[in-house]
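Note sheet for the following structure.
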Amino acid sequence: MYLNKSLLQKSAKLLCLSLTALLFTSKGFSQQTRTVADFDKDWHFHLGDVNDGEKTSLSDGAWHTLNLPHDWSIEGKFSKDNRATPEGGALPGGIGWYRKTFIVPASSKNQLVYIDFDGVYQKSDVWVNGHHLGFRPNGYISFRYELTPYLNFGGKNIIAVKVDNSVQPNSRWYSGSGIYRNVWLVTTNKVAVDHWGTYVTTPVINDRFATVSLNVQIGNYTGKKQSITVNTSILNAAGKVVSALASPLIIKDTINQLAQSINVSQPKLWSVANPYLYKVITKISGAGISDTYTTPLGIRYFNFDADKGFSLNGKPMKILGVCEHHDLGSLGAAVNTRALERQLQMLKAMGCNGIRTSHNPPAPELLDLCDKMGFIVMDEAFDCWEWQKVKYDYHLYFKEWHKRDLQDQVLRDRNHPSVIIWSIGNEIPQQSDTSALRLAPELAGIMRDLDKTRPITSANDNPGKGNKIIQSGAIDLIGYNYHEYDYAKFHDRYPGKKFIATETTSGLEMRGDYDMPSDSVRAWPSGHPFIGNADNSVSAYDNVRPPWGSTHEATWKVIKKYDFLSGLFIWTGFDYMGEPTPYSWPSRSSYFGIIDLAGFPKNVYYMYQSEWTNKTVLHIFPHWNWKPGKTVDVWAYYNNADEVELYLNGKSLGVKKKTGDDLHVMWRLTFEPGTLKAVSRKNGKVVLTREIHTAGAPVKIELTADRKNIKADGKDLSFITVKILDKDGNLVPNADNLVNFKINGAAFIASVDNGDEVSHDPFKADYRKAFNGLALAIVQAKEKPGDVTFTATSKGLEGAKVVLKVAK
């Protein structure tokens, strides 16, 4: 039977439009209240510039159809010749066009329709029906355009977005390219709470009650006076109303302000251990007027003290934070809530309680998760001001756009209880120039005009007395990047000031690779030219650092010693794309992470877990596959015990105890194959036992899914760990077998990885070589429920499979 392909495409497109219109009519475009519709589906994409790409007459039927968020760079090929350079991830940039056709029902003609972009990297131009809505150069900022004047209500509409990431390098790390965060279609009546139009604070908190102050900005776009009532309800975590207030109001102007004050009895406080969340529901009602707006609320108070450090809800604690770039490893920059959640879960299990959004406003989903999971956030704005770090970075747009971008960041993020600190910049080149005496107060003033409840800092890599940002008096917390040897003398330099270690350590490690002797610290890169390891590896003992940094242990020993050191943000929690210090090409991703790019912890993860949590830890390393006679250093991280005894093939090699400020114990052994066993004891009683066996040849594959039940929402993920094992089930530590993947059912392979900083294999593939015995496959749910069978095979190995369930 002959099928007309063009006719089928047109029919499918009409069906899609009809379904979209039905969705918006039944759910997304009610006349009674606001709606926020997911606008991520069924975009058409073209990589490359397009003449007249914004015109409605353009045919985009041959373009690729995809769902957002989307990062086209992660789909490309690694090359040292890509303009981003290896420091930017060695992946291609370019220009991309996105178009989406949609219908807004005629019944919405008397409402207001907006499009919200959470982030587009970078230099985005947006049109609707050929009308240019605006340009935003900042790839990390969220923004909104009103569509109402240009819409064909009841007819076809076309959104077109041009994204220009062709002029590079414009970032010191991997940026990604495209509409890489979520997009929303928002519809309101003509009287409604404005965009980011609430501001909630808690000026009074005690055991009996908390006073919640709410400022509401109400838009009146009817052109006439309106009589309304603003009803505010505070709901507890169970959804029960615990306090409410109604305020009648006459609004005459386009923009109207209302201040309300409500008490919550016996409040439950938000903390890192118990991140209790309320909701503030604002409802506007009147003749033909209805709007509902939700604001998150966490009731908490905190303080930074010059002598005592940080306290939350009156309890002293240290901020145990990490710095995080925005990419999600092999998924690229395209935001995914589950991928973010997985990262935060791993960090939480390590004892981490803080996130620094290096060096830009984060995806909104990250802050939502930090609110829910209990993380303290340093919300950072800029990596540079007027002076460049790389040739085509934000300094080109700073003068024109910094005020708007900074205002948008604070307005968007100021209601998140997790956000505790604002940062106006990272290692700003102007910190030693008198221009900072002008700019730092200006930036801090923009923030304070919108939020006076949080301290402001700047991350300074030259924090000495000559620092003009500090001299300006604009910042509340003196931020130190590195310089851990100066921490103890901080008050000699800045008497009475408050300290935060905004960036620390930069320890370098490659998972599963070891250089002896382990007690010799290497400062890499060093020398001209720098000569490291021929295979671009870095030892996974905590014994390699860059010249400006330190080992993990060195900085933590100082931070834990002094109360006035309020906390630290380690560089970094996870490896990230780009900045492959101490190397360049063929390396293409960082070695800085405590956890590698695929999400496999490096050894130092367990040092922090032993120090930052109450979980009983005994972690020994390295692996036990070496050449006979080789001298091998064995380390143990442990806690909740007095000592550790090490055995090799049943023979005791002695008891070791941490003394002074030691954070690990070490034995130097001559390798012989067999079993290495460590036993930790307290008061002579065994606490934990750990064994490492000499592994034989690879025999089989083992698959472990982090979640076997995922949602049929088109976005949820299951992370499947691939292990190469010997006949006895031991991980083969040097295995690099090529593993092929096959998937059947209601999901697809979103990406693959193995944590190797030097690999040039594509992330978007159905195969991956193991790296030091491990690989990863990320499976993404489709929108229809069903079973999923994921299979892994490799030549000469026993294969494996795992079954997942995708359900509504």
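The values are calculated or read from the model by the stated rules, or taken from the named source; none is laboratory data. This is a predicted model, so every value here is computed, not measured. Cβ sites come from the backbone with ideal geometry, for glycine too, and all protein chains shown count toward neighbours. Remember, those area values only see protein heavy atoms, side chains included, never the ligands or the DNA or RNA. Shrake-Rupley method; radii C 1.70, N 1.55, O 1.52, S 1.80 Å.
Going 7 Å from the Cα of THR675 toward and past its Cβ, which residues in the stretch 721-735 have a backbone nitrogen under 14 Å from where you end up?
728-730
Read phi for every residue in the stretch 102-115 and hand back ³J(HN,Hα) as whole Hz from Karplus 6.51 cos²θ - 1.76 cosθ + 1.60, θ = phi - 60°, with x for Gly and Pro.
Values, residue by residue: 8, 10, 10, x, 4, 5, 9, 4, 9, 10, 10, 10, 10, 10 Hz.
Could you tell me which residue out of ILE595, TRP626, PRO580 lies farthest along the dipole of the stretch 572-633 toward its positive end? Charges go on the beta carbon: Lys and Arg +1, Asp and Glu -1, centred on the Cα centre.
Positive-end residue among those listed: TRP626.
Among residues other than GLY76 whose Cβ falls under 15 Å from its Cβ, what is the net charge (Lys/Arg +1, Asp/Glu -1)?
Values: positive: LYS77, LYS80, ARG83, ARG588, LYS764; negative: ASP71, GLU75, ASP81, ASP327, ASP761.
Cβ neighbours under 15 Å give a net charge of 0.
Only four residue types carry charge here, +1 at the Cβ of Lys and Arg and -1 at the Cβ of Asp and Glu. Report the dipole size of the stretch 391-451 about the Cα centre in Debye, rounded to the nearest 20.
Values: 8 positive and 10 negative charges, 19 e Å.
The calculation lands at about 80 debye.
For VAL377, what residues show an amide H to amide H distance below 5 Å, using hydrogens built from the backbone and excluding near sequence neighbours?
Those qualifying (amide H under 5 Å, at least 5 residues apart or on another chain) are ILE355, VAL419, ILE420, ILE421.
So for the chain: antiparallel DSSP bridges make up what percent, rounded to the nearest 5?
Working: 163 of 202 bridges.
Percentage antiparallel, nearest 5: 80.
So, R0 is 45 Å and r is the distance between the beta-carbons of ASP492 and LYS764; what FRET efficiency does that work out to, to 0.05? Numbers along the way, then the final one.
Working: r = 54 Å, r/R0 = 1.19.
Efficiency for this residue pair is about 0.25.
Roughly to the nearest percent, how much of the accessible area of the stretch 204-292 is carbon and sulfur, given a 1.4 Å probe? Walk me through the intermediate numbers first.
On the way: 2270 of 4600 Å².
Carbon plus sulfur share of accessible area: 49 percent.
Could you let me know the centre-to-centre spacing of the stretch 506-565 and the stretch 89-119, using Cα atoms, in angstrom?
So the two Cα centres are separated by 45 Å.
What 222 nm value per residue comes from the helices of the chain, counting each DSSP H run with n ≥ 4 as -39,500 (n - 2.57) and dividing by all residues, nearest 500 deg cm²/dmol? Provide the component values of the computation, followed by the final result.
Numbers: 9 runs with 102 residues, N = 808.
Mean residue ellipticity, 222 nm, calculated: -4000 deg cm²/dmol.
How large a share of the accessible area of the stretch 695-808, in percent, is made up of carbon and sulfur atoms when the probe is 1.4 Å and the other protein chains stay in place? Could you put the intermediate results ahead of the total?
Numbers: 2460 of 4950 Å².
Here carbon and sulfur together make up 50 percent of the probe-accessible area.
Using amide H atoms built in the peptide plane, which far-off residues or other-chain residues are under 5 Å from LYS700 H to H?
The answer is LEU725, GLU798.
Where in the stretch 489-510 does the label zone of ALA534 land, with the point 7 angstrom along Cα→C-beta and an amide N cut-off under 20 Å?
Answer for the stretch 489-510: 510.
Which percent of the accessible area of the stretch 596-663 is formed by carbon and sulfur heavy atoms (probe 1.4 angstrom)? If you can, show how the numbers build up before the last one.
Details: 1180 of 2680 Å².
Roughly 44 percent of what the probe reaches on the stretch 596-663 is carbon or sulfur.
Would you mind working out the accessible area per residue for the chain, using a 1.4 Å probe, and quoting it in Å²? Display every interim value, and only then the final one.
Values: 31700 Å² over 808 residues.
Per residue, the chain has 39 Å² of solvent-accessible surface.
Using a simple spin-label model with points 7 Å from Cα along the Cα→Cβ vector, what separation in nm is obtained for THR229 and LYS348?
4.0 nm
Stretched out fully, how many nm does the piece from ASP38 to LYS742 gain, at 0.36 nm a residue minus the Cα gap? The partial results should precede the final answer.
Numbers: separation 704, 0.36 × 704 = 253.44 nm, distance 3.05 nm.
My answer for the length gained is 250.4 nm.
Taking square-rooted eigenvalues a ≥ b ≥ c of the alpha carbon gyration tensor, is the stretch 112-246 rounded, prolate or oblate, where a/c under 1.5 means rounded and, failing that, a/b exceeding b/c means prolate? Intermediate values should be presented prior to the final figure.
Numbers: a/c = 2.96, a/b = 1.48, b/c = 2.00.
Verdict is oblate for the stretch 112-246.
Residue by residue, what Karplus-based ³J(HN,Hα) values in Hz, rounded to whole numbers, does the stretch 143-160 have, using 6.51, -1.76 and 1.60 with θ = phi - 60° and x for Gly and Pro?
8, 9, 10, 8, 9, 3, x, 10, 7, 9, 5, x, x, 7, 10, 10, 9, 10
Consider a paramagnetic label point 7 Å from the Cα of GLN471 along Cα→Cβ; state which residues of the stretch 423-450 have an amide N under 17 Å from it.
Under cut-off, by backbone N: 428-442.
Work out how much length THR721 to SER526 would gain on full extension: take 0.36 nm times their residue separation and subtract the Cα-Cα distance, in nm to one decimal.
Details: separation 195, 0.36 × 195 = 70.20 nm, distance 3.58 nm.
Using 0.36 nm per residue and subtracting the Cα-Cα distance, I get 66.6 nm.
Is the stretch 606-751 best put as rounded, prolate or oblate by its Cα gyration tensor, with a ≥ b ≥ c the root eigenvalues, rounded for a/c under 1.5, and otherwise prolate when a/b is larger than b/c, oblate when not?
Oblate is the answer for the stretch 606-751, as a/c is 1.5 or above yet b/c matches or exceeds a/b.
At 7 Å along Cα-to-Cβ for each site, give me the label-to-label distance between THR254 and LYS156 in nm.
3.4 nm
Of LYS708/LYS801; LYS602/LYS727; LYS348/LYS805; LYS41/LYS708, which pairs sit farther than 18 Å apart, going by alpha carbon to alpha carbon? Each step should come with its number before you reach the end.
Values: LYS708/LYS801 12 Å; LYS602/LYS727 25 Å; LYS348/LYS805 27 Å; LYS41/LYS708 25 Å.
Too far apart for the 18 Å limit: LYS602/LYS727; LYS348/LYS805; LYS41/LYS708.
Apply the Karplus parameterisation 6.51 cos²θ - 1.76 cosθ + 1.60, with θ equal to phi minus 60°, to every residue of the stretch 183-197 and state each ³J(HN,Hα) to the nearest whole Hz, in sequence, with x for glycine and proline.
3J(HN,Hα) across the stretch 183-197, in whole Hz: 10, 9, 9, 10, 10, 9, 6, 7, 10, 6, 5, 5, 4, 6, x.
Strictly over 27 Å apart at the Cα level, which of LYS391/LYS489; LYS268/LYS715; LYS77/LYS769; LYS389/LYS468; LYS389/LYS715; LYS372/LYS715 would you flag in this model? Spell out each step's value before the answer.
Values: LYS391/LYS489 36 Å; LYS268/LYS715 33 Å; LYS77/LYS769 17 Å; LYS389/LYS468 18 Å; LYS389/LYS715 36 Å; LYS372/LYS715 20 Å.
In this structure, LYS391/LYS489; LYS268/LYS715; LYS389/LYS715 lie more than 27 Å apart at Cα.
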